[in-house]
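Visitor: Sharing a structure below in structure tokens format, with a few things to ask.
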Amino acid sequence: MTTARTALVTGASRGIGAAVARALSAEGYVVAVHYSSSGAAAQAVHAELDGDGHVVVRADLRDPDQVRQMVDEAAAALGGIDVLVNNAGVFFAHPIDAVDYQTWQEAWRETLDVNLVGPANTTWCAVRHMGPGGRVINIGSRGAFRGEPHSPAYGASKAAIAAFGQSLAKYLGARGIAVTTIAPGFVETDMATEALAGEGGVVRRAESPFNRVATTDDVAAAVVYLASPEAEWASGGILDLNGAYYLRK
């Protein structure tokens, strides 16, 4: 009898994380649904998952002790962690000429704590429960490569998470663990609702020759592939997922 593969998905109470949790469960994974503050939403996602054995776990990713406890709890409940999806993230607008010095510092501190240091700590903890065939998948952003003039901390955090992924791919490959990063453009989520409304939304959709932005299911499908045993040779890769809007050279 084949043992089901297991996955921990951070920020899985909504948006991309929720879609990833649903997609992985549909493929037979047993999933730990992580949340920070939206417990009811996380429980609702848990109720939608296919199969049995799924769990809900909580941690503020800014707190290293909570991260370690959460990962250990997930691993104990699932019997190990085969796949870690570092999805949780925050986005704050803080143009350098539009905010005071204190707000500037707070935006950088919060963004880096959640978008970079949190995933780094989660990964440190998770790989201790991971064997050969393990996968670490980071959800980055095209903003890492094109720049984020109104949210430079976000762009910097996503550039750093891509470099983090490549560094770990070099190191963890010897253990049979593959590490990849997905860099989506705009995705139809709650976080992007305002940006995609009205004329601005028309403009953003027209940036792609497909005349749309990504759905959460588009990102989830990419995660399912990168989580699979067949995706080992993608380790170290950064998958641009923006419908040919932004082409890196």
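All of the numbers you see were taken from the coordinates with simple rules; none came from a lab. These figures come from a predicted structure and were not determined experimentally. So basically every Cβ, Gly included, is an ideal-geometry build from the backbone, and we count neighbours across all protein chains shown.
Visitor: How compact and how long is the chain, expressed as Rg and Dmax of its alpha-carbon atoms in Å?
Guide: Cα-based Rg and Dmax for the chain come out at 17.4, 61 Å.
Visitor: Here's another thing I want to ask about it. Counting only other residues whose beta carbon sits under 14 Å from that of Glu194, what net charge do I get with K and R as +1, D and E as -1?
Guide: -2
Visitor: Another one. Hey, fewest Cβ within 10 Å first, where do Ser25, Ser38 land in order?
Guide: Listing Ser25, Ser38 from fewest to most nearby Cβ atoms yields Ser38, Ser25.
Visitor: State the answer as a single residue: which of Gly236, Asn115, Ser141 lies farthest towards the positive end of the charge dipole of the chain, with beta carbon charges of +1 for Lys and Arg and -1 for Asp and Glu, about the Cα centre.
Guide: Value: Gly236.
Visitor: Would you mind checking which residues have amide H under 5 Å from Val55's amide H? H placed 1.01 Å from N; only 5 or more apart, or other chain.
Guide: Those lying under 5 Å, H to H, from Val55 are Val31, Ala32, Val33.
Visitor: Defining a contact as two alpha carbons under 8 Å apart and six or more residues distant in sequence, what relative contact order in percent does the chain show? Mind showing how you got there, number by number?
Guide: Values: 501 pairs, mean separation 46.2, N = 249.
Computed over the chain, the figure is 19 percent.
Visitor: Distance from the Cα centre of the stretch 5-41 to that of the stretch 43-85, in angstrom?
Guide: 8
Visitor: If neighbour count is taken as other Cβ atoms inside 10 Å, put Arg135, Arg248 in order from fewest to most.
Guide: The order, fewest Cβ neighbours first, is Arg248, Arg135.
Visitor: A further question follows. Looking at the stretch 34-93, which chymotrypsin sites (Phe, Trp or Tyr not before Pro) are DSSP coil and have at most 11 other C-beta atoms within 10 Å of their C-beta? Don't skip to the end; give the middle numbers.
Guide: Values: sites: Tyr35, Phe91, Phe92; in loops: Phe91, Phe92.
Counting only loop positions with at most 11 other Cβ atoms within 10 Å, none of the chymotrypsin sites (Phe, Trp or Tyr not before Pro) in the stretch 34-93 qualifies.
Visitor: Let me ask something additional. How would you rank Asp113, Asp63, going from fewest to most other Cβ atoms within 10 Å of each one's own Cβ?
Guide: Least crowded to most crowded, the residues run Asp63, Asp113.
Visitor: Continuing with this model, one more query. Please list, in order along the stretch 85-101, the HN-Hα scalar couplings obtained from phi with the Karplus expression 6.51 cos²θ - 1.76 cosθ + 1.60 (θ = phi - 60°), rounded to whole Hz, x for Gly and Pro.
Guide: 10, 7, 10, 4, x, 10, 9, 10, 7, 7, x, 4, 8, 10, 10, 7, 5
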